[in-house]
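Report on the structure given below.
The values are calculated or read from the model by the stated rules, or taken from the named source; none is laboratory data. Everything quoted here is computed from the prediction, not taken from an experiment. With ideal geometry, Cβ positions are generated from the backbone for all residues, glycine too; neighbour counts draw on all protein chains shown. Accessible surface areas use protein heavy atoms only, side chains included; no ligands, DNA or RNA. Shrake-Rupley method; radii C 1.70, N 1.55, O 1.52, S 1.80 Å.
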Amino acid sequence: VQNAILLLIAGHETTANMTALGTLALLRNPEQLAVVRDTDDPGRVALAVEELLRYLTIVHTGRRRVATEDVEVAGHLVRAGEGVILVTDSANRDPEAFPDADRLDIDRPGVRRHMAFGHGTHQCLGQNLARTELQLAYPALLRRFPNLATAVPDEELRFKDDMLVYGLHALPVTW
Ligand code: HEM
């Protein structure tokens with residue numbers, strides 16, 4: 001049962017929320033939306049998806065580790081047996097790693113170094129499936145509905161800021 005719950009949340013909540021939230025992010029950046037919609041280059045779409053994954057960092061769970069031996073990270077000693085929560089959301093907005101990190105930029109150099117799928121042995125098992133779904137979904141949606149727009153003012157959108165996976169409760173649109 002636990003495995004089924006894991007795959008439902010890890011495998012469905014994630015990509016479903018990325019689809020809605022990523023679409024909103026693109027609607028707020030129409031020039032970048034036009035590139036994702038109109039490009040014939042799947043590589044360009046793939047990089048746009050990586051940037052959306054970095055920018056949105058929707059998974060706020062997992063990412064917990066226990067040190068098996070003393071280890072020094074950036075001048076801080078983590079002792080054997082101590083627990084650590086890896087704050088990948090902050091890592092993905094680290095200005096030293098990603099200049100102007102609060103801006104969506106689908107042409108961002110080095111975006112593939114993001115931590116949206118975690119890092120190390122337990123990094124996301126489904127990341128390549130997720131990438132494939134999103135690389136297909138955004139261009140397909142935007143080409144099918146070229147006049148897509150939000151149907152309510154931004155202030156009325158309700159975000160899932162109290163859940164393990166961040167997203168939108170609903171994204172009302174017109175087309
Ligand atoms: C945009 C989509 C997704 C994002 C952002 C995402 C993100 C993450 C993150 C941050 C972790 C925790 C990694 C860690 O603790 O270091 C994780 C773990 C996991 N994800 Fe995903 N995920 C996505 C889609 C999927 C999909 C589609 C599946 C399966 C069909 C999946 C299956 C899993 C599993 C099984 C784990 C646990 C891996 C382990 O503990 O060894 N994920 N994911």
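Of note:
- Here the stretch 1-75 has 58 percent of its accessible surface on carbon and sulfur atoms, given a 1.4 Å probe and all protein chains in place.
- In this entry, the stretch 2-174 is assigned a mean projected area of 11.5 nm², taken as a quarter of its C-alpha convex hull surface.
- With contacts taken as Cα pairs under 8 Å at a separation of at least 6 residues, the stretch 1-127 carries a relative contact order of 25 percent.
- For the stretch 1-89, applying the loop criterion from DSSP together with a ceiling of 14 other beta carbons within 10 Å to the trypsin sites (Lys or Arg not before Pro) yields 28, 79.
- GluC sites (Glu not before Pro) restricted to the stretch 67-170 and DSSP loop, no more than 10 other C-beta within 10 Å: 69, 96
- At least 27 Å along the helix axis (C-alpha) and Kyte average at least -1.0, DSSP helices within the chain: none
- Sites residue 71 and residue 6, calculated FRET efficiency, Cβ-Cβ separation with R0 35 Å, nearest 0.05: 0.80
- Residue 85/residue 155 FRET efficiency (R0 45 Å; Cβ-Cβ; nearest 0.05): 0.90
- Residue (of 30, 60, 129) at the positive-pole extreme of the chain, dipole from beta-carbon charges: 129
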